[in-house]
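Engineer: Could you have a look at this structure, given as structure tokens, before my questions?
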Amino acid sequence: MRSALAHQPLPAEAIATRFKRTPRAGVHAVLEALEELGTVLPEDGAYRLQG
């Protein structure tokens, strides 16, 4: 996840395409958990790394 978001904010669907065997629902769940932990922030339909 971190490397996927390292250069620019991306929507969950774009992140999911980088993980060939991971269902999109799983990517959404991970992003939501990372948001709860304060690691990523939602931004205009995309996610970006905090800090």
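Engineer: Of the conditions (1) part of a helix (DSSP H, G or I); (2) open to solvent by 60 Å² or more (accessible area, probe 1.4 Å), R48 fails just one. Which one is it?
Structural biologist: All conditions are met except number (1).
Engineer: Now for a separate question. Conditions: (1) at pLDDT 95 or above; (2) open to solvent by less than 80 Å² (accessible area, probe 1.4 Å); (3) not polar (S, T, N, Q). E36 meets all but one. Number of the miss?
Structural biologist: With respect to (1) at pLDDT 95 or above; (2) open to solvent by less than 80 Å² (accessible area, probe 1.4 Å); (3) not polar (S, T, N, Q), E36 is out only on (2).
Engineer: Sort out which residues of region 16-46 are of a type in the set (S, T, Y) and farther than 15 Å from R2 by Cα, and write them in order of number. Step through it out loud before you land on a result.
Structural biologist: Going through region 16-46, the residues of a type in the set (S, T, Y) turn out to be 17, 22, 39.
T22 - this is the single residue of region 16-46 that is of a type in the set (S, T, Y) and farther than 15 Å from R2 by Cα.
Engineer: Could you say whether any residue in region 27-37 is small (G, A, S) and assigned to a loop (DSSP other than H, G, I, E, B)? Before the answer, list the steps.
Structural biologist: Of the residues in region 27-37, the ones small (G, A, S) are 29, 33.
Now narrow it down to the ones that are assigned to a loop (DSSP other than H, G, I, E, B): none.
No.
Engineer: Let me ask you something else. Kindly provide the set of residues from region 1-25 that are open to solvent by 30 Å² or more (accessible area, probe 1.4 Å), part of a helix (DSSP H, G or I) and not acidic (D, E), ordered by number. Walk me through how you get there before you give the answer.
Structural biologist: Within region 1-25, the subset open to solvent by 30 Å² or more (accessible area, probe 1.4 Å) is 1-3, 6-9, 11, 13-14, 17-25.
Then keep just the ones that are part of a helix (DSSP H, G or I); that gives 13-14, 17-18, 24-25.
Hits for region 1-25 are A14, T17, R18, R24, A25.
The values are calculated or read from the model by the stated rules, or taken from the named source; none is laboratory data. This one's a predicted model, so the numbers in the text were calculated from it and none came from an experiment. Note: areas computed on protein heavy atoms with side chains; ligands, DNA, RNA excluded. Shrake-Rupley method; radii C 1.70, N 1.55, O 1.52, S 1.80 Å.
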